[in-house]
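Presented below is the structure to which this report refers.
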Amino acid sequence: MLPEKVNNKQIHKSKITIMKTKSILGIALLGLAVVSFSSCKKCGECHYDAADGSEVEIGEYCGDDLEAIESSGYVVNGETFTVHCGEH
């Protein structure tokens, strides 16, 4: 009867080891998913400086739209203004 008890203890230890491994793997995969989704687009609040010197807010732009608005400017009544996005 002693070998049966030892065998049950070994089985129990194996089950605990498998559960720990699955938990660690799950946590690692969840962490990877969070990092993957949160490191995507660069966004910024954008504005241009009007002719009278005031700042005119034009909203938030992200990714390719942000790059495009900064490089091409913002057109108002046929006049193109330089756009600034992000921190001052």
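Values quoted throughout were computed directly from the atomic coordinates according to the rules given, and no laboratory measurement underlies them. Just so it is clear, the model here is predicted, and its values are computed rather than measured. All Cβ positions, even for glycine, are placed from backbone atoms using ideal geometry, and neighbour counts span all protein chains on display.
Numbers at a glance
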| item | result |
| --- | --- |
| Virtual spin-label span in nm between D64 and E79, 7 Å along Cα→Cβ | 3.2 |
| Fewest-first sequence of C43, C85 by Cβ atoms within 10 Å of each Cβ | C43, C85 |
| The range 43-85: C-alpha gyration tensor shape, a/c 1.5 cut-off, then a/b vs b/c | oblate |
